1. On full extension of the chain, what length is gained from Thr176 through Glu117, given 0.36 nm per residue of separation minus the C-alpha to C-alpha distance?
2. With contacts defined as alpha carbon pairs under 8 Å and 6 or more residues apart, what's the relative contact order of the chain in percent?
3. For the chain, set up a Gaussian network in which alpha carbons nearer than 10 Å are linked by springs, and say which option among Ser77, Ser152, Ser200 fluctuates the most.
4. How much length, in nm to one decimal, is gained on full extension between Asp73 and Arg20, taken as 0.36 nm per residue of separation minus their Cα-Cα distance?
5. What FRET efficiency do you get for Phe39 and Asp142 if R0 is 45 Å and r is their Cβ-Cβ distance, rounded to the nearest 0.05?
6. Calculate the FRET efficiency for Ile97 and Ala65 from the Cβ-Cβ distance with a Förster distance of 22 Å, rounded to the nearest 0.05.
7. Would you mind working out the magnitude of the charge dipole of the stretch 76-148 relative to its Cα centre, with +1 at each Lys and Arg C-beta and -1 at each Asp and Glu C-beta, to the nearest 20 Debye?
8. Given R₀ = 30 Å, FRET efficiency for Ser152-Asp46 by Cβ-Cβ distance, to 0.05?
Amino acid sequence: MELSAARKVVVFDYGFGNVRSAERALARTGAEVEITRDFDRAMNADGLLVPGVGAFAACMRGLRAARGDWVIDRRLSGGRPVLGICVGMQILFARGIEHGVETAGLDEWPGSVEPLEAEIVPHMGWNTVAVPPGSELFAGLDADARFYFVHSYAVRDWTFEAPHTLLRPPKVTWSTHGTPFVAAVENGALWATQFHPEKSGDAGAQLLTNWIGTL
């Protein structure tokens, strides 16, 4: 599905993420896509996509070195959309715990990214998700839609509450591998997925089109 008016989206290139795959998937929605770490371009884009692969601690070091933490904070302060993918979602939480070592995240949401508790790790392959009512991110998708996951860590306990009763609470999507874990979050201008929409076929394309449509 191609949008009638192109939106400008920056895929933030801080050295940790499949930026070319994300670029191609976003371009298929009709968006005008640029891969860059330029502060001004990232700030002024209609949407910012933050990818991430590998270790939580390494991603945080790379993000801070590229001033990505500033970009994300400044955009969200102005209500400007940000989408995190895979480890790009995980770093939005307060902390990541890998091999017993705790690393501070961006703390947009409280909670810890911890090892999955399952017989087979990593969780690699296609899985369904449990979507909350009223989700914009998953609009138009069937309940049995499957998305592509590759991860060994996840957020298994959601503790966030809206700071004010007038604010809409976040919409949290769950999946299960061994135990339930957070698969996606919609929270005002900040959305994120643990799975890879750019590798999730038609379902992922619809999801990205939904995000672009909100910009």
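1. Fully extending the segment from Thr176 to Glu117 adds 20.2 nm.
2. Across the chain, relative contact order equals 20 percent.
3. In this elastic network of the chain, the residue with the biggest mean-square fluctuation among Ser77, Ser152, Ser200 is Ser77.
4. Extra length available between Asp73 and Arg20 comes to 16.7 nm.
5. 0.70
6. Using R0 = 22 Å, I get an efficiency of 0.50.
7. 260 debye
8. FRET efficiency, Ser152 to Asp46: 0.35.
The values are calculated or read from the model by the stated rules, or taken from the named source; none is laboratory data. Remember, it's a predicted structure, so these values are computed and weren't measured experimentally. With ideal geometry, Cβ positions are generated from the backbone for all residues, glycine too; neighbour counts draw on all protein chains shown. Note: areas computed on protein heavy atoms with side chains; ligands, DNA, RNA excluded. Shrake-Rupley method; radii C 1.70, N 1.55, O 1.52, S 1.80 Å.
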